[in-house]
Every structure is written in structure tokens, then in C-alpha cells.
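A short write-up of the structure that comes next.
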Amino acid sequence: MNYKLIQIPNKSTVLRWFYLCMVILGCTPGIAQSDQDALMMKKNEFCTGLMYQQSNWDQYWEGTLKRENLNIGTMKTQMVGYMGMYGITNKLNVFASLPWVKTSSSAGQWKGQEGIQDVSLWLKYWAVDKKGEKGRFGLFGLAGVSLPVSDYTIDMLPYSIGLGTTNFNARIMADYQRGKWFATGSMTYVRRSNVELDRTAYYTSGMHYTNEIKMPDATQWMVRAGYRYKNWIAEAVADNWTTQGGHDITRNNMPFVSNRMEATRLGANLKWEDGLVKGLSFLGGGNYTPEGRNMGQATTIYGGVVYLFNFSKKSTSKTDSPSSK
Amino acid sequence: MKNLLYILLIPALFAGCNKDVDDVSLAYPVLQPTKTDANAGTWKTMLLTTPDQIAVAAPTAATGPDYTAQINEIKSLQAQLDDDGRGQINYWGAGAVLRWNEITRELIAKYNLPPVNNPDGTYPVPDANNPLSYPFFPFANPPYASRAYAYVSAACYDALVACYHYKKLYNRPAPYVVNTTVNPLLPKTDLPSYPSEDATVAGVMWEMMKLLFPGEQAAIQAKINAHLQARIASGANVRSDIEAGYALGRAVANLFVARARTDRAGTAGGSLTIQKQFEDAAIARGETPWISQENPKRPGMLMLFGRVKTWNFDSATLLSIRPPAPPATGSEKFKKELEEVYQYAKNPSRDQIRIAQYWADGVGTYTPPGHWNAIASDEFVKLGLSEVRWARNLALLNTAMEDAAVACWDAKYLYFSPRPYQMDNRIKTVVGLPNFPSYTSGHSTFSGAAATVLGYLVKNKSADFEAMALEASISRMYGAIHYRSDCEAGMACGKRVGGFAVTRAQNDGAGD
């Protein structure tokens, strides 16, 4: 987020807490994606905020067949997320997030679900920083873990608030900035744990007499490119999520947690740091799902506010972020 | 750069862990009956008039070149046996009746999918003569499933009684007894091997599955081949044991197929005209009629299933055990019960959701009768039953559950009562809302019948089965799809239905 060096004036703690409260209570929620972008916090910088996200679909892919379902109507998933990111060093950041999720549909009698979903924790390491004559290249390694923090049901898709897996993520990310323009690409491997149902048998493409479900792992790629200069970032994003296995939803069946799930999304993000209140940034964006399999054709919008603190007495940093000029 | 590698290595550590799941069914041990039930040929059958109603020719002598050739078939199969072959022997060795009951459950789960509507808002009807084009035949919903389990189990039972009759009559010992150079790869038994009980079951399944899952012929044939080859490779049977058993099984099954073609299940789907008659009758009584809550409105499921032929009692008895009318929708009692469901629906606890989902057995599952077959199988495996007793117990259980479906569906369409969600749209559900009238609860009726039969068959578990049935019943209130009256009346009726199967069990000569 600190695409330029932001130094919070070393004013009273009271004022800082005032800013924090303003962020948490006041503002538009949204989503920060610090595990997905090439931005780094400096040592002792702490960035925190709240995000709101809403996702709607009225069509979904039953296997490869796109269909509507008049007994669901429009499926809506709302999320309020807390996120925080901290610079352990200039090259090593830690990022955490915790979303609350609520599902509902406009038709049918199914009861939407809500609750705290999965906490995630990421380490982000800035491994390579090469400055050339025309641009600057960065290479990042990320490792993350996410796990459910509430005992939500996973056996009520699409109304379940999550899939219940504990995930171990490994991501490699490359970033190149030339002038005010940048491009970032990343690949992620998601090791997903098995999950358990509240029943003792289930059918996928064969019968299983156990409550445990073997979950396929997943991969994700993402590319993002756009304008990154001073207090603005405007970018286009494309990403794809693909499970490494799983079965298709059969005709007119319910979705299942170990389905083969694929989604390609196209979207755009904006980040803007408010000049008046140092450290305050606004985020927003959205995406659309042109291609998918066993998932809803979702349109998603999000927005949020984050605030940056610097806990160092003074900045000892000599290194700046790849995006700063 | 080194640190980057470390970070990327963290998930790699976990990636090494094995994700394979322990499957209860695959862990079932090889069957070693505690008693052979060698006199089962005298047990009372369901449809066969006498155990020798289907003739089985005497086997050729267990000497001479023909029998030697059959022994050599065993030896040559054993000589080329690999891990997969040994796995097949042990898989089928857990019990023919058990494995084919599981296969039936699997097909039920595969086919338990309501057809999607046509663009004009009507619903297509699966066609048994064209099972592989959408909508696939059958839609294996709970009544259909109960009937499938009943026919498969009852036909296996009668065929095995006949099989055991001929075993005793011809008394041909197992190949490894006749020829001690044959290596038995399954536990030895004193039970004569001609005709083969496994092949008898396989023959039954071939004919029954043609009727019940006509689109699955190739898959069934492949399983039959694997099953019978495993029996020969195990040294338990020679080919002539298999051929005689298979023919016997098919012939007995055809008696059941003939019954199935005239049991009125073929017309149980009804029509919108018939549904209108039920609706009008409810209105004439001053009641709120059931209305499908699906969009577009789907005709009620198997609206004439209440007229299907029962197994353990006659149609006059069916009338005598018919549940009394539910509380009128205008009554205080009804309002109280509706409010109770609303309270469950408003803010269900995680434990209520767990119980509702544990027993839901909805779309894409083996249905509540399948669940009770799974529960029963887990118990029967521990008891080490002979094949014929396995078949007898499952026949009692499953004929009771089809009878339960008939009694329940009779009440459902007679009273044609609305679901809670129809009466109060705030009552959202945590399980699927079945597309048929509310009173009485099918789960409760199935479970009452099943627990009664299983409690008789496994007496020391009687209280456990009772508790399970009660939980299955109340799970429908937690799921917010049934009123208390639906559950209580269903349970009471189910227990009475189960009682008729117990009476049969007490008089079939099998003893405990």
C-alpha cells in the first residue's frame, strides 16, 4: 500500500487511535489484497483496514453447462473483512485477514448462512530487487495459511460461507515497473486439506462411506497491470482459479465441496491515498467471471479503507518499494 | 534468494501428506459366518411357493475330466493372480449380499436427482424404455429407492433359500475339499458349494437391475464378471457351481420382476388431473391444500405410491394403520406447531444443523432407506451372518421400509397438508424441502419401521436403533420442513409397519 514513503508525524498516540477508529467505524469497507500485489510495507509500518465486498450471480455452471435456477434466483454473498499488514523488515512483511461472510438468495426456501469464515496469515518476502536503466524488477515469494475459525457447515453449497479447508499457499510473484506503469504476475499453488461432513456417506462420482472428503488442491494465476505513481494505483486484473481434480455437478444436482471448480475473472482496482490525512487510503474495484465451471458467474464489487501507521521512531529505511520513485 | 526458497518450502512440506480417505465399506473384513445356516432351504420364502419351484439340475460328479478342467481353471487364475485380483477376492469376500446392497445404494444415489424443468415450465418424466436420454430413468427418489431395496433384498432372499435347499440336496463340497491341491484364498466352509450362493445373488441382480436401473447394464455386467471371476479365483467355487447359481438367481428374480410389473408402481407417478383431485378434496374439507414450493411448480412426487402393493400386510390392514388426520391448519394446535418450527428455523444451532444434515439423505444420496441399509450393514458385518441370513435380514428391513413408504405416501396425499414454508415464508430450511405434502414425515415412518425391524434382528442394539430413529425424526423439525405431528404420527405408523415384518421374521423358521 505504501507506494510512496509515508511517514506518520510522530504526534500523540491519541491522534493515531482517532484515525484508527475512524477507519474501523466510519468508512466504506472494501478489500485489500496485499497478498496479491507487489507492494511492501517498510520496517515497523503497520497498515490496517476494513473491507466490504459483495458478489452476485444469477447464473452458474453446472459442470460446463451454464444455467439459471429459479429456486435460487440471485445468489448474494456479502463480506466484511478486517485486514492488517506489518513490515517485519523492509523485505519481509506479514499480512493477516479475517472475513465475516453472509449468503442469501432472492428465491427458494434455503436459509442463507452467515458467520466468521477463514483467518489467513501470509508472509511476503521481497527476494530480488533489480534496478535497470529503464525500469525496476522485483521478485517476491509468499507463503500463506488459511483456516476456518468458526464451525460453519460446508454441506449446504451454494449457501455455505466457505469450503472449510485449511490451505497452505505458496506463491511466486514478479513485478516490473517502468516509469508510471507496471505489470505484476503471480502463480500460486494451494494445498487444501481434506474436510469433513456431518454425515457418514456421500456420492461424488462414486459412493464413499466416510465423513471425510479428499479435496483436490488448486492453482491460481494472476496478472495485473496499470498505472502506479505517487498516490494513485489504477490497474486491470485477470486471474484464474483451477482445482486440480474434483467432479462436475451432475444434472440438476446440488454443488458439492469437492467439485472441480474453475473461474476466470477480469476486473479493475483503484487505490488512492488521501492527501489530507496522511496514511489514509481508499480502495475499490470489481470483477466479472466470463468463464467458470461448477461455480456461479459472479460479479463482484468491493471497497475499503486502510490506514498506515509507522511505529519506528524514525525511518531507518534506505530501501523503498519497487513502485516508489 | 535462499530465504525465498525457505518460504516456498513451507507449503511443500505439507504437500507431502497423504490425503487418502479411510472408507468404512472398503475396510469390511472377509465374511466368516459364525454359523452356516445349512438348513436355510426350509426357511419360509416371500414369493417362492416351494424352495424347488425353480429346478436346478444335479451337478456332474466331482471326478472325471470335466471337473478336473474346472479345478484347473481355479489353478490357472490363481497362478496369474496380482494385487488387483487379490483385492477383488477380498472385496467380494466381504459378502455377496452386502456388496450388491452397496451397489444398489450407489446407483440410488447416482439417480436420485429430480429432472430439471422444460423451458415451458412443465417437467419431463423419465422413461424406462429410454433410460439414457435426459431425464435419465429412474429418478430414484425415496419411495422408488425403498421399492428398489425391497425387491433386490427379497429376491436375493428367496433365491438364496432355494440355493441353500439345493446345496443341501446335492451336497457337493467346495473345490478345495474335493481336491486338496486347490488353495482356498477365502475362509473355508463346510457349506456345499453347488449352486454358488454368490452367483445366485449375481443372477438376481442381473435381472433386478434390468428393471430398476436399465441404463446401467454394462456397468452391472462388468461387476458381475468381476464378482464371479473372484469367486473362482478364490477357490471357493468351480465354474459349474457359478453357472447353476447364476441361472437359479435369474429365474427366481424373474418371479419378482413379474410382481414388480403389476405392483402399481408403474402408475404411481399420477398426473396433474389426479393431483387436482387431491387438492379439491382438501379444499372440500375446509383445509389449506399443499402447493409445490418449487419454481416452476413441480407435480407432487409419486402421488399414487400409497396404492403400491405391500409386502408384509394387505390393503385392508393398510387402511387400519392409516394415521389419523393431522391438526387442522386453522386449529390452535397447528398454530403452536407452526410456531415451533419457526423457532427452529429462526436461528438453528450448529448442532441442530448437524443433526438435520446427518439424516437429510436428500437429493444425490442413497435416501433414508439407503441410510438404514448402511446402518444395518455396519451391524450385520460385526455379526458374521451367513449369506442367506444377510439376505433374510435385509429383506425384512427393506420390505418393511417399502411398506412404510406406501403407508406414508397414502397419508401424504390423502391429507395433502402444506409444508411449514408454505404456511409461513419466514420458515427457511437448512435441508432440501421435499416436493410432496407434509403429513406424515417419510423419514419418521422409514425410521420407525427400520428401528423396529433392526431392534428385533439385533436385540442388544434395540435401544440404539430407537434413539437413531428418534433423532432422524426430529431432524426434520430441525431442518424446518416438518411439524411435530408429522414426525410423531409417522414414527407411530412406521413402528406398526415394522411390526408386520417382525411377525414375518418370527415365523420364517430362521430363528435368531
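Selection of strands (runs of 3 or more DSSP E) fully inside the range A:117-234 by the criterion of at least 3 residues being within 12 Å of another protein chain (Cβ to nearest Cβ) returns A:118-131, A:136-148, A:167-178, A:181-192. When B:Ala174 is tested against (1) open to solvent by 30 Å² or more (accessible area, probe 1.4 Å); (2) over 30 Å from B:Gly269 (Cβ atoms), exactly one condition is not met: (1). In the range A:267-282, the residues that are more than 30 Å from A:Trp221 (Cα to Cα) reach residues that are modelled with pLDDT under 90 and open to solvent by 50 Å² or more (accessible area, probe 1.4 Å) with C-beta atoms within less than 8 angstrom, at least six apart or across chains, in these pairs: A:Lys278/A:Gln7; A:Lys278/A:Pro9. Each residue in the range B:132-153 was checked for being part of a loop (DSSP other than H, G, I, E, B) and open to solvent by less than 10 Å² (accessible area, probe 1.4 Å), and 3 of them qualify. When the residues of the range B:23-70 are filtered to those that are modelled with pLDDT of 95 or more, assigned to a loop (DSSP other than H, G, I, E, B) and of a type in the set (Ser, Thr, Tyr), the one that is surrounded by the most Cβ atoms within 10 Å (Cβ to Cβ) is B:Thr45. One residue stands out among those in the range A:65-115 that are farther than 23 Å from B:Thr429 by Cα and outside any strand (DSSP E or B): the one that is nearest to the other protein chains (Cβ to nearest Cβ), which is A:Lys91. Within the range B:266-274, can one find any residue that is of a type outside the set (A, V, I, L, M, F, W, C) and over 29 Å from the mean Cα position of the chain (by Cα)? Looking through the range B:266-274, at least one residue is of a type outside the set (A, V, I, L, M, F, W, C) and over 29 Å from the mean Cα position of the chain (by Cα). Screening the range B:431-512 for helices (runs of 4 or more DSSP H) wholly inside it with 3 or more residues that are among the β-branched types (Val, Ile, Thr) and buried (at least 20 other Cβ atoms within 10 Å of the Cβ) returns the ranges B:442-457.
Conditions (1) aromatic (Phe, Trp, Tyr); (2) within 30 Å of B:Ala400 (Cβ to Cβ); (3) surrounded by fewer than 20 Cβ atoms within 10 Å (Cβ to Cβ), marked per residue:
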residue: B:Ser320; (1), (2), (3): no, yes, yes
residue: B:Ala325; (1), (2), (3): no, yes, yes
residue: B:Gly330; (1), (2), (3): no, no, yes
residue: B:Leu338; (1), (2), (3): no, no, yes
residue: B:Gln343; (1), (2), (3): no, no, yes
residue: B:Pro348; (1), (2), (3): no, no, no
residue: B:Ile353; (1), (2), (3): no, yes, no
residue: B:Gln357; (1), (2), (3): no, yes, no
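Pairs linking a residue in the range B:378-390 that is on the phi > 0 side of the Ramachandran plot to a residue that is modelled with pLDDT of 95 or more, with Cβ atoms under 8 Å and 6 or more positions apart or on different chains, are B:Gly384/B:Leu31; B:Gly384/B:Gln32; B:Gly384/B:Pro33; B:Gly384/B:Thr34. Only one entry in B:Leu98, B:Leu77, B:Leu107 is open to solvent by 10 Å² or more (accessible area, probe 1.4 Å) and within 14 Å of chain A (Cβ to nearest Cβ), namely B:Leu107. Residue count for the range A:251-305 under the criterion of being in contact with a helix residue (DSSP H, G or I) (Cβ under 8 Å, 6 or more places away or on another chain) and either assigned to a strand (DSSP E or B) or within 14 Å of another protein chain (Cβ to nearest Cβ) (or both): the result is 2.
The values are calculated or read from the model by the stated rules, or taken from the named source; none is laboratory data. The structure presented is a predicted model; accordingly, all values stated were derived computationally and were not measured. All Cβ positions, glycine included, derive from the backbone under ideal geometry; neighbour counts span all protein chains shown. Heads up: the accessible areas ignore ligands, DNA and RNA and are worked out on the full protein's heavy atoms, side chains in. Shrake-Rupley method; radii C 1.70, N 1.55, O 1.52, S 1.80 Å.
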